[in-house]
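Here is the structure we will look at.
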Amino acid sequence: MIRTVTMALALAGLVSTAAVAQSGAGPTDPQIAHIAYTAGQIDIAAARQALAKSKNRQVRAFAQEMIRDHEAVNKQALALVGKLKVTPEANPTSAGLSKQGEQKLREMARLRGPAFDRAYAQNEVAYHKVVNGALSSTLIPQSDNAELKDLLQTGLRLFQEHQLHAEHLAQNLQGRRSKRK
Amino acid sequence: MAKYGKGRAAAALLTLSAALGTLSVANAAPARAAPKVHTIVMNKMAYGPSPTGLRAGDVILWVNKDMFRHTATARDKSFNVDLPAGKSARMIVKKAGLTNYYCIYHPGMKGQLAVAK
């Protein structure tokens with residue numbers, strides 16, 4: 001219950017921070033690039049923590065996939081901003097994302113075993129849902145550069161897959177728990 | 001005499017079967033067109049269009065132009081091609097009929113091969 005409330009608060013915080021960036025003229029391309037890159041780095045950090053803590057084969061395979069895919073997108077994003085001679089610009093949304101990401105890592109550090117695995121899978125569902133919402137409602141429509149928009153669209157298709165995969169993982173872990181009861 | 005007769009009969013049978021073998025090979029060759037190479041590209045989290053006119057014995061060249069690792073995995077487990085980003089691989093199409101395939105890492109990526117005999 002406490003965990004659910006914490007997650008809901010964290011998500012509400014993330015959404016309201018995103019709303020700040022949406023107010024006014026909306027985020028610029030350098031800000032959007034920074035937000036997308038930061039979102040990827042947060043998920044990579046969460047996956048590294050999962051690899052350090054979890055012994056569950058499915059959880060570890062999922063975490064390895066997250067690292068591989070998000071590193072690939074971020075590498076492409078860096079190559080693109082280099083090509084466009086754009087410097088990603090820190091902004092309240094990316095700062096909010098980083099802060100919440102660090103807070104989540106600290107919370108997760110206290111868990112272990114199946115409790116960690118279940119929380120990781122649930123967080124991954126929630127996190128990808130929020131990032132996908134931000135991508136489709138704000139980041140993609142507000143991006144000006146065609147190549148950046150294209151990369152974000154590929155990113156959205158990828159993260160939607162991750163969300164489905166995380167949902168499947170969470171169900172499997174929950175199923176295992178029910179069977180044990 | 002009987003022994004000699006058996007020997008001749010066996011030799012005749014061998015010659016006949018060899019001749020039949022040659023005949024069947026000769027008959028099969030013109031009927032079967034040379035195997036073709038068809039390319040299916042993986043890019044931006046999707047498979048390119050499935051090739052038309054695919055026949056058993058043809059080759060599919062899977063090309064992963066995406067930045068992500070993908071697979072082409074048959075639902076019926078008849079093939080599984082696992083490709084890191086930027087790599088490609090050749091696969092001989094063995095089975096005729098319809099085969100659905102997907103990416104095990106990103107199961108929303110789906111495709112279907114339609115293979116004639």
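Listed values, structure above:
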read-out: Hits in the stretch B:75-88 - residues which are closer than 18 Å to B:Ala46 by Cβ and within 15 Å of the chain's Cα centre (by Cα); value: B:Val81
read-out: Any chance B:Thr52 is among the hydroxyl-bearing types (Ser, Thr, Tyr), in a strand (DSSP E or B) and at pLDDT 90 or above; value: no
read-out: Total residues in the stretch A:66-76, condition surrounded by fewer than 22 Cβ atoms within 10 Å (Cβ to Cβ) and in contact with a His (Cβ under 7 Å, 6 or more places away or on another chain); value: 0
read-out: Residue that is in contact with a helix residue (DSSP H, G or I) (Cβ under 9 Å, 6 or more places away or on another chain) and among the aromatic types (Phe, Trp, Tyr), where the choices are B:Tyr105, B:Tyr101; value: B:Tyr105
read-out: Qualifying residue in the stretch A:95-117 (condition: surrounded by 20 or more Cβ atoms within 10 Å (Cβ to Cβ), under 26 Å from B:Lys65 (Cα atoms) and under 13 Å from the mean Cα position of the chain (by Cα)); value: no
read-out: Subset of the stretch A:155-175 (residues that are under 14 Å from A:His128 (Cα atoms) and either touching a residue at least 60 places away in the same chain (Cβ under 8 Å) or not in a helix (DSSP H, G or I) (or both)); value: A:Gly155, A:Leu158, A:His162, A:His165, A:Ala166, A:Leu169
read-out: Complete set of residues in the stretch A:131-159 that are under 15 Å from A:His70 (Cβ atoms) and of a type in the set (Val, Ile, Thr); value: A:Val131, A:Thr154
read-out: Meets criteria (in a helix (DSSP H, G or I) and not β-branched (Val, Ile, Thr)) for A:Leu105; value: yes
read-out: Top-ranked residue in the stretch B:58-112 [being of a type in the set (Gly, Ala, Ser) and within 10 Å of chain A (Cβ to nearest Cβ); ranked as surrounded by the fewest Cβ atoms within 10 Å (Cβ to Cβ)]; value: B:Gly108
read-out: Residue match in the stretch A:121-136 (condition: within 14 Å of chain B (Cβ to nearest Cβ) and either within 18 Å of A:Pro30 (Cα to Cα) or outside any helix (DSSP H, G or I) (or both)); value: yes
read-out: Candidate set from the stretch A:37-91 (those that are among the charged types (D, E, K, R) and not in a helix (DSSP H, G or I)); member that is farthest from the other protein chains (Cβ to nearest Cβ); value: A:Glu89
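The values are calculated or read from the model by the stated rules, or taken from the named source; none is laboratory data. If you're wondering where the values come from, they're calculated on a predicted model, not measured in any experiment. Cβ coordinates were reconstructed from backbone atoms using ideal geometry, including for glycine residues, and neighbour counts include every protein chain displayed.
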